[in-house]
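**Q** The structure under discussion is supplied below as structure tokens; questions concerning it will follow.
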Amino acid sequence: MLLCAATGLAGAAPFDLDPGYGAQGRVTFGTGQPDGQIGRSVVQADGKLVVTGARPTLVNNQPGAELFARRFNADGSVDAG
């Protein structure tokens, strides 16, 4: 999963990738499934980014979805808390 941060924060014009976020404005993370999709994202008041989405899974041999949430610090590192 690739997450790009387009912000109006220092170092980036509005809608440009922020070079101070992650690796040149990008963060990648695995969802455990190749078809995982990001649904929503929001920047918290403290600058942390919360990302939610879903990944396909089987539940009792039936197709289903498993929800996930990830939170990143303002610099793009994974929030451990």
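**Q** For the structure I just gave you, tell me whether V51 is β-branched (V, I, T) and either over 16 Å from D18 (Cβ atoms) or surrounded by fewer than 11 Cβ atoms within 10 Å (Cβ to Cβ) (or both). Lay out the reasoning, then the answer.
**A** Values: β-branched (V, I, T): yes; either over 16 Å from D18 (Cβ atoms) or surrounded by fewer than 11 Cβ atoms within 10 Å (Cβ to Cβ) (or both): no.
Judged against the criteria, V51 is not a match.
**Q** Being open to solvent by less than 50 Å² (accessible area, probe 1.4 Å) and at positive phi, is that true of even one residue in region 70-77? Before you say what the answer is, go through the steps one by one.
**A** Taking region 70-77 first, the residues open to solvent by less than 50 Å² (accessible area, probe 1.4 Å) are 72-73, 76-77.
Still in the running and at positive phi: 76.
Yes, region 70-77 contains at least one residue that is open to solvent by less than 50 Å² (accessible area, probe 1.4 Å) and at positive phi.
**Q** Identify, from the list D46, D35, D16, the residue that is of a type outside the set (G, A, S), within 20 Å of F68 (Cβ to Cβ) and open to solvent by 50 Å² or more (accessible area, probe 1.4 Å).
**A** Details: D46 fails: within 20 Å of F68 (Cβ to Cβ); D16 fails: within 20 Å of F68 (Cβ to Cβ).
Only one candidate passes the filter, namely D35.
**Q** Hey, could you check region 10-40 for residues that are within 18 Å of A80 (Cα to Cα) and among the polar types (S, T, N, Q) and say which is farthest from the chain's Cα centre (by Cα)?
**A** Step one: list which residues in region 10-40 are within 18 Å of A80 (Cα to Cα), which gives 21-22, 27-31.
When the remaining residues are screened for being among the polar types (S, T, N, Q), the result is 28, 31.
Numbers: T28: 8, T31: 10 Å.
Checking each candidate, the answer is T31.
**Q** Quick one: Q62 ticks every box in (1) touching a residue at least 12 places away in the same chain (Cβ under 8 Å); (2) out of contact with any strand residue (DSSP E or B) (no Cβ under 7 Å at 6 or more places or on another chain) except a single one, so which number is it?
**A** The one condition Q62 does not meet is (1).
The values are calculated or read from the model by the stated rules, or taken from the named source; none is laboratory data. All values reported here derive from a predicted model rather than from experimental measurement. Ideal geometry is used to build each Cβ from the backbone, glycine not excepted, and the neighbour counts take in all protein chains shown. Areas reflect the complete protein model, heavy atoms only, side chains present, ligands, DNA and RNA absent. Shrake-Rupley method; radii C 1.70, N 1.55, O 1.52, S 1.80 Å.
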